[in-house]
Amino acid sequence: MPSTTTEQIPVRVFGGPTALFEYGGLRFLTDPTFDAPREYHVPGGRLTKTAPSSAAPAGLGRIDVVLLSHDEHPDNLDDSGRTLLADVPLTLTTPGGGRRLGPGARGLADWESIELDRPGGGTITVTGVPAVHGPGTREEVEPITGQVVGFVLTGTGLPTVYVSGDNASLDLVKEIAERFGPVDTAILFAGAPRFDVLFDGALIVLDSAQAADAATILGARRVVPVHYDSWAHFTEGRDELVAAFTDAGLLDRLDLGARG
């Protein structure tokens, strides 16, 4: 459904995939990663965090909902993030993550929705939307990189917000746009991460040019990119995002968010 208001949704970004935004009186946090820089050993190699988050969990204030694209990779949910989940009333994530994370977590299948009560009355609808963490079909990708979910938030009198999660498929973005576009704010995971040992080095999340393409597909009034800094496996950063949105004539839609 189209946005019904031009209300600005404040978004704070902290590095990596982690952002905080207020929507309909509730406070949402994406993929919490607050560990200090370090190396993580993962199957087939390692992930290196290169920069600290610009805030600590203790300084965030109340968190009502965590929107967790997936729980299986430390660059989306690290040790500090897992500790934080214990203090958050609700974590929305993949069906598998909902089972693994236990009480307080709920998995959303494709196009499955949950209604959340707003503090002042009314509800927010959060819909789980499809995402794939690599090239190819989900059947080909998920055995290697696992399930991923994105989210669309809607509500009466509220703008539409899309959180992509670690998605690499513009075809899925088109499906989401057909159901929910145009969107007001798209929080797009970018960074062009690649690994030589995965999919012959193909992208496993959008690159900068694809993020600009996604903005066009979604009819997004504003794009807040995340997941493009603070980790060694991200191959594109702020400069590439600015260049790609400039080339696409969309620089006025790019919002790098308030830091910290």
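The values are calculated or read from the model by the stated rules, or taken from the named source; none is laboratory data. Everything numeric here is computed off the predicted structure, so don't read it as measured data. Reconstructed Cβ throughout: ideal geometry from the backbone, glycine too, with neighbour counts over all protein chains shown.
Return a yes/no flag: does segment 249-257 have any residue that is modelled with pLDDT under 95 and either farther than 18 Å from Pro159 by Cβ or basic (Lys, Arg) (or both).
yes
For Thr154, indicate whether it is polar (S, T, N, Q) and free of Cβ contacts under 8 Å to residues at least 24 places away in the same chain. Let's see the steps before the verdict.
Details: polar (S, T, N, Q): yes; free of Cβ contacts under 8 Å to residues at least 24 places away in the same chain: no.
Spelling it out, it is not the case that Thr154 is polar (S, T, N, Q) and free of Cβ contacts under 8 Å to residues at least 24 places away in the same chain.
Among the residues that make up segment 208-219, is at least one of them out of contact with any Cys (no Cβ under 9 Å at 6 or more places or on another chain), crowded, with 23+ Cβ neighbours inside 10 Å and within 19 Å of Glu72 (Cα to Cα)? Explain how you work it out, then say what you get.
The initial filter retains those residues of segment 208-219 that are out of contact with any Cys (no Cβ under 9 Å at 6 or more places or on another chain), namely 208-219.
Going one step further and asking which of them are crowded, with 23+ Cβ neighbours inside 10 Å, we end up with 208, 211-212, 214-215, 218.
Going one step further and asking which of them are within 19 Å of Glu72 (Cα to Cα), we end up with none.
Within segment 208-219 (the criterion being out of contact with any Cys (no Cβ under 9 Å at 6 or more places or on another chain), crowded, with 23+ Cβ neighbours inside 10 Å and within 19 Å of Glu72 (Cα to Cα)), the answer is no, since none of the residues qualifies.
Would you be able to say whether some residue in segment 116-130 is of a type outside the set (Gly, Ala, Ser), within 24 Å of Ser230 (Cα to Cα), touching an Asp or Glu at 6+ places or on another chain (Cβ under 9 Å) and crowded, with 21+ Cβ neighbours inside 10 Å? Before the answer, list the steps.
Keep residues of segment 116-130 that are of a type outside the set (Gly, Ala, Ser), which gives 116-119, 123-127, 129-130.
Then keep just the ones that are within 24 Å of Ser230 (Cα to Cα); that gives none.
Checked segment 116-130: no residue is of a type outside the set (Gly, Ala, Ser), within 24 Å of Ser230 (Cα to Cα), touching an Asp or Glu at 6+ places or on another chain (Cβ under 9 Å) and crowded, with 21+ Cβ neighbours inside 10 Å.
Go through segment 92-109 residue by residue and tally those that are in a loop (DSSP other than H, G, I, E, B), farther than 17 Å from Thr30 by Cα and either modelled with pLDDT of 95 or more or small (Gly, Ala, Ser) (or both).
Within segment 92-109, the first condition is being in a loop (DSSP other than H, G, I, E, B), and the residues that meet it are 94, 102-104, 108-109.
Narrowing the set further to residues that are farther than 17 Å from Thr30 by Cα leaves 102-103, 109.
Remaining after also requiring either modelled with pLDDT of 95 or more or small (Gly, Ala, Ser) (or both): 102, 109.
Looking only at that region, the number is 2.
What number goes with the only condition from (1) at pLDDT 95 or above; (2) within 27 Å of Thr83 (Cβ to Cβ); (3) in a loop (DSSP other than H, G, I, E, B) that Val183 does not pass?
(2)
I'm told Ile63 meets every condition in (1) among the aliphatic types (A, V, I, L, M); (2) modelled with pLDDT of 95 or more; (3) not in a loop (DSSP other than H, G, I, E, B) except one. Can you identify the failing condition by its number?
(3)
Limited to segment 220-260, what total is found for residues that are assigned to a loop (DSSP other than H, G, I, E, B) and at negative phi? Step through it out loud before you land on a result.
Our first condition is that a residue be assigned to a loop (DSSP other than H, G, I, E, B); within segment 220-260, this holds for 220-221, 227-230, 232-237, 248-250, 255-257, 260.
With at negative phi added as a condition, the list becomes 220-221, 228-229, 232-237, 248, 250, 255-256.
Residues that pass the stated criteria total 14.
Please specify each residue of segment 110-134 satisfying the condition of being outside any loop (DSSP other than H, G, I, E, B) and within 15 Å of the chain's Cα centre (by Cα). Walk me through it before giving the result.
Of all residues in segment 110-134, those outside any loop (DSSP other than H, G, I, E, B) come to 113-117, 123-130.
Scanning segment 110-134 gives Val126, Thr127, Gly128, Val129, Pro130.
Looking at (1) at pLDDT below 95; (2) closer than 23 Å to Pro182 by Cβ, which one does Leu47 not meet, given that it meets all the others?
Exception for Leu47: condition (2).
Please verify whether Leu47 is more than 22 Å from Asp117 (Cα to Cα) and in a strand (DSSP E or B), treating the condition exactly as stated.
So Leu47 fits the description; yes.
It is to be established whether one or more residues within segment 11-27 are modelled with pLDDT of 95 or more and over 18 Å from the mean Cα position of the chain (by Cα).
Yes; the residues of segment 11-27 include at least one that is modelled with pLDDT of 95 or more and over 18 Å from the mean Cα position of the chain (by Cα).
What is the number of the single condition among (1) in contact with a Phe, Trp or Tyr (Cβ under 7 Å, 6 or more places away or on another chain); (2) more than 19 Å from Thr154 (Cα to Cα) that Leu101 does not meet?
(1)
Pull out all pairs, ordered by first then second residue, where Cβ-Cβ is under 7 Å, the residues are six or more apart or on different chains, the first lies in segment 95-123 and is over 23 Å from Leu172 (Cα atoms), and the second is charged (D, E, K, R) and at pLDDT below 95.
Arg100/Asp71; Leu101/Asp71
Taking the options Gly121, Gly98, Gly107, name whichever one is farther than 15 Å from Val163 by Cβ and touching a helix residue (DSSP H, G or I) at 6+ places or on another chain (Cβ under 9 Å).
Details: Gly121 fails: touching a helix residue (DSSP H, G or I) at 6+ places or on another chain (Cβ under 9 Å); Gly98 fails: touching a helix residue (DSSP H, G or I) at 6+ places or on another chain (Cβ under 9 Å).
Checking each option against the conditions leaves just Gly107.
Collect the residues in segment 71-103 that are under 16 Å from Gln147 (Cβ atoms) and among the polar types (S, T, N, Q), keeping them in residue-number order.
Answer for segment 71-103, where residues must be under 16 Å from Gln147 (Cβ atoms) and among the polar types (S, T, N, Q): Asn76, Thr91, Thr93, Thr94.
Pairs under 6 Å by beta carbon, first residue in contact (Cβ under 8 Å) with a residue 40 or more places away in the chain in segment 235-259, partner assigned to a helix (DSSP H, G or I) and surrounded by 15 or more Cβ atoms within 10 Å (Cβ to Cβ), six or more apart or different chains?
Partner pairs satisfying both residue conditions: Glu236/Ser208; Glu240/Ser208; Leu241/Ser208.
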